[in-house]
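Following: one structure in structure tokens, then a few remarks.
Values quoted throughout were computed directly from the atomic coordinates according to the rules given, and no laboratory measurement underlies them. Since the model is a prediction, treat every value here as computed from it, not as a measurement. Counting neighbours? That spans all protein chains shown, and the Cβs are built from the backbone with ideal geometry, glycine included.
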Amino acid sequence: MSNVERFKELLRQKEIYMNEGTNEDGSVFFRTEQKLKNGGSIGLVVAFSVEEHMVDVYGFDIAEITDPLKKESIHKLLNEINIDYRFNKFYMDNQGRISSSAALIFEDNFNPNVVFRLMVMALNTADEVYPKFMKVMWS
């Protein structure tokens, strides 16, 4: 059974629905939208490489900071958060959207539970940092 199939089976067992898609290069990803406890929402994506030995977990659009006067404060906060969190790294794109990413590599030891735990960690971490971004945005 492929790593993608093993992950899909875990999702079925846990009764979790994620949209499945395929990129132009043949790599497979799963996506879902989740509400954060502290407000806002996050697009969670689990992306497998074509060979299925690398898995990236993304948390898209955790917050959006469009005020150019807040840019310096946001960069400072991003640096602080990235020091505090080992697995998820946070960044801001050119449109001011805050997202996170984490990567895993497997050889012959793929474990879908590890991928799932990293996905849950991305969601929980986004929930923890969301109020910090809102505080900067509204200050």
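Assuming a viscosity of 1.306 mPa s and a temperature of 10 °C, what translational diffusion coefficient in µm² per second does Stokes-Einstein assign to region 68-139, Rh being the Kirkwood radius over Cα pairs? Roughly 118 µm²/s, to the nearest whole number.
Pairs over the 27 Å Cα-Cα cut-off, from the set Lys14/Lys135; Lys37/Lys135; Lys8/Lys132: Lys14/Lys135; Lys8/Lys132.
In the chain, a dipole from Cβ-located charges (positive for Lys and Arg, negative for Asp and Glu) runs towards its positive end, and of Phe133, Met54, Ser27 it is Phe133 whose Cα lies farthest in that direction. If R0 is taken as 22 Å, the Cβ-Cβ distance between Glu33 and Met134 corresponds to a FRET efficiency of 0.70.
Extension gain for the segment Asp67 to Gln95, taken as residue separation times 0.36 nm less the Cα-Cα distance, is 9.1 nm to one decimal. Measuring r between the beta carbons of Ser49 and Gln13 and using R0 = 22 Å, the FRET efficiency lands at 0.40. Working from Cα pairs under 8 Å separated by at least six residues, relative contact order for region 3-138 is 25 percent. Scanning the chain for trypsin sites (Lys or Arg not before Pro) in DSSP loops with at most 13 neighbouring Cβ atoms within 10 Å leaves 87-139 as the longest stretch between them.
Note on Lys76 and Asp108: with the Förster distance fixed at 35 Å, the Cβ-Cβ geometry gives a FRET efficiency of about 0.25.
What the Kirkwood sum gives for region 1-81 is a hydrodynamic radius of 14.9 Å, with every pair of different alpha carbons counted. Compactness check for region 3-138: Cα Rg over 2.2 N^0.38 Å is 1.10.
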